[in-house]
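Engineer: Here you go, one structure.
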Amino acid sequence: MLNRSTIVLSDLHLGPTCPPHAPIAAARVIERHPDHEVFLMGDTFDLSIDPLSMDPAVSVVRHLSNYPELVGALRNKLERDVPVTLFAGNHDAQIAQPHVRSAILKALGASESSPFGCGIWCTRRAGVHFEHGHIHDPDNAPTHPLIPPSRTTEPLGVTLMRRVLGPARALG
């Protein structure tokens, strides 16, 4: 049994490919269950279209600024000391970089001591395994969490997003 009830959301893809209703619906679910822990199970952000030179913290904060309902719902969780965990996925593996957590907390108006986990790849709770799920997809699987993203390590699917679809504005 888990220590508390948990909301599990995945693949919001906050950014230019995100359907406008998705973050609002996510915020409503989160707000409807004030004491439930939140797992954002990867691909919360669509960082795969950003240039490799872009700091993921800057990109994530920019994306969050476009979704005030979701920011408010997450802030409310953290203010109540209810844990929120942001898992890394194949489209937002860069959130595993240590400085991204601080940037997100600042964007949420939360303190460093908030119960906020960021950039983990998987966890196990009471015998239940949680992970984003692209680990076994050879075209889109993230590299090992300790390997920094680069042109030589990113998966094929991310490379196509970043180098072809993003620059061609073929995402919307």
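The values are calculated or read from the model by the stated rules, or taken from the named source; none is laboratory data. Every value quoted in this text rests on a predicted model; they were computed, and no experiment measured them. Please note: Cβ atoms are built from the backbone with ideal geometry, for glycine as well, and neighbour counts cover all protein chains shown. These area figures cover heavy atoms from the full protein model, side chains too; ligands, DNA and RNA do not enter into them. Shrake-Rupley method; radii C 1.70, N 1.55, O 1.52, S 1.80 Å.
Engineer: Ranked from the most accessible area to the least, with a 1.4 Å probe and all protein chains present, what is the order of Thr152, Thr123?
Structural biologist: Sorted by accessible area, descending: Thr152, Thr123.
Engineer: How tilted is helix 56-65 with respect to the longest principal axis of the chain? Cα atoms for both, answer in degrees (0 to 90, nearest 10).
Structural biologist: The answer is roughly 60 degrees.
Engineer: So how tilted is helix 68-79 from the main axis of the chain? Cα-based, degrees 0 to 90, rounded to 10.
Structural biologist: 50
Engineer: Assign unit charges at the C-beta atoms only (+1 for Lys and Arg, -1 for Asp and Glu), then state the dipole size of the chain relative to its Cα centre in Debye, rounded to the nearest 20.
Structural biologist: Around 160 debye, computed over the chain.
Engineer: Give me the extension gain from Val61 to Ile7: residue separation times 0.36 nm, minus the current Cα-Cα distance, reported in nm with one decimal. Don't skip to the answer; put the middle values down first.
Structural biologist: Values: separation 54, 0.36 × 54 = 19.44 nm, distance 2.26 nm.
Extra length from Val61 to Ile7 when fully extended: 17.2 nm.
Engineer: Could you tell me which residue out of Val71, Gly117, Leu14 lies farthest along the dipole of the chain toward its positive end? Charges go on the beta carbon: Lys and Arg +1, Asp and Glu -1, centred on the Cα centre.
Structural biologist: Selected residue: Val71.
Engineer: Suppose all protein chains stay in the model; what accessible area per residue would a 1.4 Å probe give for the chain, in Å²?
Structural biologist: 51
Engineer: Here's another thing I want to ask about it. Run the helix sum for the chain: -39,500 (n - 2.57) per DSSP H stretch of 4+ residues, divided by residue count, reported at 222 nm to the nearest 500 deg cm²/dmol.
Structural biologist: Using -39500 (n - 2.57) per qualifying helix, the result is -8500 deg cm²/dmol.
Engineer: Something else: With the full set of protein chains in place, find how many percent of the accessible area of the stretch 1-123 is carbon and sulfur; take the probe as 1.4 Å.
Structural biologist: Numbers: 2990 of 5350 Å².
Roughly 56 percent, rounded to a whole number.
Engineer: Then there's this: Expressed in nm to one decimal, what extension gain is obtained for the pair Thr17 and Val164 from 0.36 nm per residue of sequence separation less their Cα-Cα distance? Let's see the in-between values first.
Structural biologist: Numbers: separation 147, 0.36 × 147 = 52.92 nm, distance 1.46 nm.
Working it through step by step, the gained length comes to 51.5 nm.
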